[in-house]
Amino acid sequence: MQSNQQSMHLFDHGDVTGAIISASPGNERSLNDLLPESLQQTPDRTLSFSYSCCYLNHRDRNIMVDAGIDGDGVLASLKELGLGGEDIELVCITHVDRDHVAGLLLQIGDGELTYPNARYAIDGALWEELHKPETYDSLPKHLRRLFQRLKELIEDKVILCTEEMEVTEGITFVPSPGHRPGHAAYEFKTTATPVLHLGDAILNPVFAEHLDWPNTGDSFPDQAIESRKLLLDRIQKIGALAIGTHLPWPCMLNAH
């Protein structure tokens, strides 16, 4: 079902209810901007991109997948669902690009935790990288401040994931590196088929249609292709409801 506002798309799947929350205005991009020179298309295509995060009520637990860029704005959407930041029990972090984690802090990434009572699932090697001084050498000041503040505030709240593993009952961490180091998807068991949140592993359906196309926006395009293939195979085998952060609104992938 669709909410009255374009900022939120409500859904249910088995015993799970959820909301795709528009965390920032969407935009359009040229496909050729994302392809290497050898694959440039004539004519070019215009792709629609959303910027979202996801709320799930899973087995009576309030869960976020990522947090968008503006914690205050996402909280306003959660308020429409009768929830406050203190009600969120778990945040599943797909990776630490700013548009996925800045919303974990209020006041556009500078304040206190948006979800003070939550635990935070994250790739263990990625978390280790955030503790290395050299990680910050090439980052602009605002990102250094964001990551250092975030690291400080969730230090004692993290669930470190090092392989495919159960984060908590019915929720599986699925490594899917390539878009960024430590990128992960998350699978949620339901009384129907699972819900699988892809993060940025598939930025647009065109990359599901053309599995071997590298995306120049990925840090490691070849690795990202392999993760994409594995995730699409997984979706088809388990019949998952697939959600992706930047897929065209309402951010669900028809992979069948």
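Please treat every number below as a calculation from the coordinates, not as lab data. In this text the structure is predicted, and so the values were computed from the model without any measurement. With ideal geometry, Cβ positions are generated from the backbone for all residues, glycine too; neighbour counts draw on all protein chains shown.
Let me know the Rg and Dmax you get for the stretch 52-191 when you use only its Cα atoms, in Å.
14.3, 47
Just round it to a whole percent: the fraction of Cα-Cα distances in the stretch 126-256 exceeding 23 Å.
Details: 3395 of 8515 pairs.
Taking all Cα-Cα pairs of the stretch 126-256, the fraction more than 23 Å apart is 40 percent.
Would you mind checking the pairs K141/K229; K141/K189; K79/K157; K79/K237 and listing those with alpha carbons more than 31 angstrom apart?
Among K141/K229; K141/K189; K79/K157; K79/K237, the Cα-Cα distance tops 31 Å for K141/K229; K141/K189; K79/K237.
Between E166 and N254, what length in nm is gained on full extension when 0.36 nm per residue of separation is reduced by their alpha carbon distance?
Net length gain for the segment: 29.1 nm.
Sort Y136, Y51, Y115 so the one with the fewest other Cβ atoms within 10 Å of its own Cβ comes first.
Fewest to most other Cβ atoms nearby, the residues stand as Y136, Y51, Y115.
With each label point set 7 Å from Cα along the Cα-Cβ vector, what nm distance links R29 and R59?
Here the modelled spin labels are 3.5 nm apart.
With each run of n ≥ 4 DSSP H residues scored as -39500 (n - 2.57), what mean residue ellipticity at 222 nm is computed for the chain after dividing by its residue count and rounding to the nearest 500 deg cm²/dmol?
That calculation yields -6500 deg cm²/dmol at 222 nm.
Residue separation times 0.36 nm, minus the C-alpha to C-alpha distance between H131 and R145: what's the value?
In short, 3.7 nm is gained.
Counting only Cα, what are the radius of gyration and maximum Cα-Cα distance Dmax of the chain, in Å?
Rg, Dmax (Cα atoms, Å): 17.3, 52.
Any chance you could check the Cα centroid distance between the stretch 40-57 and the stretch 189-256 for me, in angstrom?
For the stretch 40-57 versus the stretch 189-256, the Cα centre distance is 12 Å.
Which GluC sites (Glu not before Pro) does the stretch 60-156 hold that lie in a coil by DSSP with at most 13 other beta carbons within 10 Å?
Sites meeting the loop and neighbour criteria: E112.
So what is the relative contact order for the chain, in percent, with contacts set as C-alpha pairs under 8 Å and at least six apart?
So the answer I get is 17 percent.
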